[in-house]
Amino acid sequence: MLREALRIGSRRCFSYKSVRRPNLGATSAPKAEPEKTADAVPAATGTGNGGLAKQLRAKILATGPITVAEYMREVLTNPQAGYYMNRDVFGREGDFITSPEISQIFGELVGIWLVAEWRKMGSPSPFQLVELGPGRGTLARDVLKILTKFKLGAEFSMHMVEVSPFLSKAQAQRFCYTHETLPEEAQLPHYQVGTTATGTKAYWHRRLEDVPQGFSLVLAHEFFDALPVHKLQLANGQWQEVLIDVAPKSEPEAANFHYVLSKSQTPVSRVFHPMPGETRQTLEYSLETERQVGLLAERLERDGGIGLIMDYGHFGEKTDTFRAFKQHALHEPLLEPGTADLTADVDFKLVKSTAETRGHLHCCGPIEQGLFLSRMQGEARLEQLLANALPENEAIIRSGYEMLTDPKQMGSRFKFLAMFPGVVAPHLEKFPVAGFS
Ligand SMILES: C[S@@+](CC[C@H](N)C(=O)[O-])C[C@H]1O[C@@H](n2cnc3c(N)ncnc32)[C@H](O)[C@@H]1O
């Protein structure tokens, strides 16, 4: 199937536009940087997005220290001042760059993978293409391009799960011909609708729960790393939680924050159950990731579908990865809240075990991004693009692919995890999942 897909791609290669992507100069870096330890971090100072810092300070002074998860949620998605809510944070002018923005090869191969696996499941029609946290909409656009080129002979609709009103508009502008934001009082499960140039309907939802039931191809690229994490620490045989407090002698106009350890157990440290064999004394636990993967797993098992999670992460061994990015450099996470991206590595062990227990899903991976792209014949696609590229674009196209696959850049730290309903597991043993073996 994969060879056939590439042959189709190659027959049509003249109709592919070699999209000029950002020049990956020295200032531009992906988010996955080496981990640092919270212990080494001094109390943060400064105002930055002053409104949000003051709001957090007032809340802490009124009700006590907050969890790292609450801090992360407020900083990233506060409706008024959240980092993602009202600006474009991607690319050279922004704070970080992501794989779909680096090279069109990324989205094209993900699209080909979806088509291959969907066909293997009997080409169910209609289906939904769902993306969690689509950013600028570049991955959705590249995947849509592949679905359209392959002329699937199936009906499908697009469903973007996005909290940011600003980014949802940017996404619609990227792959829709027309779109409109619906009035709040419409009380529909979607808040924006659009139509692509080929007539496919697109819907925007605030939550995965609002996506209609139905066979779904679900993508999540750098979505789970933006979900809040709790920082837990084992003290005297009990899990306690690292909290964020206002630093001593903090002036209201320069809200300074620092980490403190909870004096007793918190609701999350009480319900947290370490996985069998856990040896870490400190760890990050994303209750929200567990909740969303649980919902996704139940949906895929009930309605059928395929999930592909792509993110930087580990398999339950890292301890302290909570960090911030501003203008392509690491930034102190407690400094100037709302002005920098906050992120934590995805715990793929938690994701996999939740998918297997909540939905009885069959999971493949996680495997490294470089391996996946190369098994999906990324080099062949690169050669096709180069053969048709303008000479001045060749170096950019080549360095983009290298950045995605080189183990020293994004090739190793970024991982792919695929999910299928448990019932198709024997079928997938006979016809192995593309890119994963
Ligand atoms: C790091 S960006 C990744 C964007 C895109 N997938 C890419 O790789 O270029 C995270 C995306 O998830 C969205 N997001 C963050 N938290 C969310 C939440 N709780 N629910 C829905 N979307 C969320 C952000 O607005 C943004 O679009």
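The values are calculated or read from the model by the stated rules, or taken from the named source; none is laboratory data. The shown structure was predicted, so the numbers you read here are calculated from the model rather than taken from an experiment. Cβ coordinates were reconstructed from backbone atoms using ideal geometry, including for glycine residues, and neighbour counts include every protein chain displayed. We work out accessible area using only protein heavy atoms, side chains counted, and drop any ligands, DNA or RNA first. Shrake-Rupley method; radii C 1.70, N 1.55, O 1.52, S 1.80 Å.
Among the residues of region 320-340, those identified as at pLDDT 95 or above and under 16 Å from the mean Cα position of the chain (by Cα) are T321, F322, R323, A324. For region 90-121, taking the residues that are in contact with a helix residue (DSSP H, G or I) (Cβ under 6 Å, 6 or more places away or on another chain) and among the polar types (S, T, N, Q), the one that is nearest to the ligand (Cβ to nearest atom) is identified as S99. Confirm whether S399 is in contact with a helix residue (DSSP H, G or I) (Cβ under 7 Å, 6 or more places away or on another chain) and in contact (Cβ under 8 Å) with a residue 24 or more places away in the chain. Taking the combined requirement at face value, the residue does not satisfy it. One residue alone among G153, G111 is closer than 21 Å to G304 by Cα and either assigned to a loop (DSSP other than H, G, I, E, B) or touching a strand residue (DSSP E or B) at 6+ places or on another chain (Cβ under 8 Å) (or both), and that residue is G153. Checking each residue of region 194-207 against the condition of being open to solvent by 70 Å² or more (accessible area, probe 1.4 Å) and within 16 Å of the ligand (Cβ to nearest atom) gives at least one match. Please determine whether any residue of region 125-141 is more than 12 Å from the ligand (Cβ to nearest atom), in contact (Cβ under 8 Å) with a residue 60 or more places away in the chain and assigned to a helix (DSSP H, G or I). Looking for residues that are more than 12 Å from the ligand (Cβ to nearest atom), in contact (Cβ under 8 Å) with a residue 60 or more places away in the chain and assigned to a helix (DSSP H, G or I), one finds none in region 125-141, hence no.
Would you check which residues across region 213-233 are away from the ligand (no atom under 15 Å from the Cβ) and out of contact with any strand residue (DSSP E or B) (no Cβ under 7 Å at 6 or more places or on another chain) and list them? If the condition is that a residue be away from the ligand (no atom under 15 Å from the Cβ) and out of contact with any strand residue (DSSP E or B) (no Cβ under 7 Å at 6 or more places or on another chain), then Q213 is the only one that fits.
Out of L283, L261, report the one residue that is surrounded by 20 or more Cβ atoms within 10 Å (Cβ to Cβ) and over 30 Å from M160 (Cα atoms). That would be L283, the only listed residue that is surrounded by 20 or more Cβ atoms within 10 Å (Cβ to Cβ) and over 30 Å from M160 (Cα atoms).
Of the residues examined, G359 is one that is more than 16 Å from the ligand (Cβ to nearest atom), open to solvent by less than 30 Å² (accessible area, probe 1.4 Å) and at pLDDT below 95. Condition test on L167, is it in contact (Cβ under 8 Å) with a residue 24 or more places away in the chain, buried (at least 19 other Cβ atoms within 10 Å of the Cβ) and more than 12 Å from the ligand (Cβ to nearest atom)? So L167 fails the test. Inclusion of S412 among residues that are touching a residue at least 40 places away in the same chain (Cβ under 8 Å), among the hydroxyl-bearing types (S, T, Y) and farther than 19 Å from S99 by Cα is not warranted.
Considering region 54-97 alone, what residues qualify as being touching a residue at least 40 places away in the same chain (Cβ under 8 Å), open to solvent by 10 Å² or more (accessible area, probe 1.4 Å), in contact with a Gly (Cβ under 9 Å, 6 or more places away or on another chain) and not hydrophobic (A, V, I, L, M, F, W, C)? Passing the criteria: R73, E74, Y84, R87, D88, R92.
Of all residues in region 286-299, those that are surrounded by 22 or more Cβ atoms within 10 Å (Cβ to Cβ) and either in a strand (DSSP E or B) or more than 16 Å from the ligand (Cβ to nearest atom) (or both) total 1.
Does any residue of region 236-255 turn out to be closer than 22 Å to R299 by Cβ and open to solvent by 20 Å² or more (accessible area, probe 1.4 Å)? No: region 236-255 contains no residue that is closer than 22 Å to R299 by Cβ and open to solvent by 20 Å² or more (accessible area, probe 1.4 Å).
Any residue in region 353-363 that is outside any strand (DSSP E or B), under 30 Å from K54 (Cα atoms) and of a type in the set (V, I, T)? Within region 353-363, not a single residue is outside any strand (DSSP E or B), under 30 Å from K54 (Cα atoms) and of a type in the set (V, I, T).
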